[in-house]
Protein chains: 2
Amino acid sequence: MEFRKNQSAGYLLNHLARIFARGLSARIKPLGLTTGTFPALLELWETDGLTQKQLVERLDIEQATMANTLSRMERDGLISRRKDESDGRVQRVWLSERARALRAPAISAALAENEDALSGLSAVEQQQFVALMQKVIETSSGAVDGER
Amino acid sequence: MEFRKNQSAGYLLNHLARIFARGLSARIKPLGLTTGTFPALLELWETDGLTQKQLVERLDIEQATMANTLSRMERDGLISRRKDESDGRVQRVWLSERARALRAPAISAALAENEDALSGLSAVEQQQFVALMQKVIETSSGAVDGER
DNA sequence: AGCACTTGTATAGCAAGCTATGCAATGCTA
DNA sequence: TAGCATTGCATAGCTTGCTATACAAGTGCT
């Protein structure tokens with residue numbers, strides 16, 4: 001049985017994701033942010049007032065995880081959740097002033113982490129890498145419509 | 001501030017790692033295995049009797065996580081941990097017969113998941129993708145000596 | 001209108017990741 | 001040899017991911 005962990009995409013992806021997450025976590029910790037809040041914040045910075053369901057769909061994250069993440073974010077003063085006016089089941093998520101103020105430093109941290117972690121690749125290789133990842137995501141069953 | 005999540009390596013890696021983990025998890029569940037046990041099993045299938053510390057180093061996983069994972073594996077009858085003969089602090093990890101018997105089906109599952117998830121890439125692109133990931137790992141501060 | 005079905009969200013539980021801490025064993029130095 | 005520093009591992013706690021379940025609100029059908 002021929003199996004080499006460093007030839008396995010699944011193994012390498014898990015390892016890389018952990019490396020990046022550690023790096024990002026260290027950079028955003030001084031901002032009082034954690035990695036799990038980041039994707040949600042990215043969406044909300046673009047469009048405030050999204051429903052939890054919209055976040056779930058856009059980010060391909062399970063509903064229960066999102067509910068828990070949003071609870072923590074509300075606990076930490078990043079968001080508030082308010083019931084939608086026309087549908088009593090729906091919660092809309094609104095950013096706090098604090099969260100809005102964190103946009104620039106948080107994004108700087110993420111860009112710096114990406115730059116740092118990819119510094120061993122040439123500019124062309126970096127583009128290739130990103131393009132290949134995009135393609136795998138688009139062609140996998142986990143694809144989220146309109147991911148861009 | 002120009003930030004697009006689908007241009008961010010960190011974001012894409014987190015997403016891909018989750019997609020692969022979901023797929024692998026579903027495939028190894030019937031074997032009674034979970035994704036976190038997989039890397040440790042891979043190492044132990046190659047070399048039985050490794051210490052926890054060796055596993056931690058080889059896999060770039062934090063000691064506490066490894067201790068907990070090994071506890072669960074022992075609970076599930078996959079391994080046993082025994083004190084080293086010459087150093088009272090050291091625990092050596094030994095595979096059970098059950099774990100040995102799971103090697104072939106588990107590796108088949110992983111190979112199938114990789115093949116499936118990467119099916120949208122050509123053979124050349126797949127090689128490129130793996131090579132790029134290897135390179136990022138090797139050049140990052142998370143590199144593990146002799147990873148192969 | 002009443003009921004069955006669907007939808008959106010919260011909660012419980014487990015795994016897997018990390019940081020922090022504690023304790024026993026070992027190694028080093030005066 | 002004794003004291004201190006270091007090492008290996010277990011445990012606590014939190015976050016982040018998933019599956020499963022429960023409940024209320026909403027929708028659609030008869």
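Numbers at a glance
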quantity: So A:R92, is it of a type outside the set (D, E) and either under 13 Å from A:E43 (Cβ atoms) or not assigned by TED's automatic domain parsing to the domain that holds A:T51 (or both); calculated: yes
quantity: Search result, residues across segment B:123-140 that are more than 7 Å from every other protein chain (Cβ to nearest Cβ) and in contact with a helix residue (DSSP H, G or I) (Cβ under 9 Å, 6 or more places away or on another chain); calculated: B:Q126
quantity: Tabulated pairs, segment B:57-78, first under 21 Å from B:L102 (Cα atoms), second in a loop (DSSP other than H, G, I, E, B), C-beta under 7 angstrom, 6+ apart or interchain; calculated: B:T69/B:G36; B:D76/B:G32; B:G77/B:S96; B:L78/B:S96
quantity: Single residue of segment B:40-50 satisfying the filter (more than 7 Å from every other protein chain (Cβ to nearest Cβ) and aliphatic (A, V, I, L, M)) that is farthest from DNA strand C (Cβ to nearest atom); calculated: B:L50
quantity: Selection from segment B:1-39 of residues that are more than 9 Å from chain A (Cβ to nearest Cβ), within 12 Å of DNA strand D (Cβ to nearest atom) and not in a loop (DSSP other than H, G, I, E, B); calculated: B:S25, B:A26, B:K29
quantity: Residues of segment B:59-81 that turn out to be surrounded by 15 or more Cβ atoms within 10 Å (Cβ to Cβ) and away from DNA strand D (no atom under 14 Å from the Cβ), as a count; calculated: 3
quantity: Unique match (being at pLDDT below 95 and either within 16 Å of DNA strand D (Cβ to nearest atom) or in contact with a Cys (Cβ under 9 Å, 6 or more places away or on another chain) (or both)) among B:V144, B:V93, B:V56; calculated: B:V144
quantity: Condition met for A:R27 (within 14 Å of DNA strand C (Cβ to nearest atom), over 30 Å from B:L132 (Cβ atoms) and of a type outside the set (G, A, S)); calculated: no
quantity: Some residue of segment A:100-113 being in contact with a strand residue (DSSP E or B) (Cβ under 6 Å, 6 or more places away or on another chain) and either in the same structural domain as A:I137 (by TED's automatic domain parsing) or of a type outside the set (D, E) (or both); calculated: no
quantity: Hey, A:S86 within 13 Å of DNA strand C (Cβ to nearest atom) and touching a residue at least 12 places away in the same chain (Cβ under 8 Å) or not; calculated: no
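The values are calculated or read from the model by the stated rules, or taken from the named source; none is laboratory data. Just so it is clear, the structure is predicted and the values come from calculations on it, not from any experiment. For neighbour counting, all protein chains shown are included, and Cβ atoms are generated from backbone atoms with ideal geometry for every residue, glycine included.
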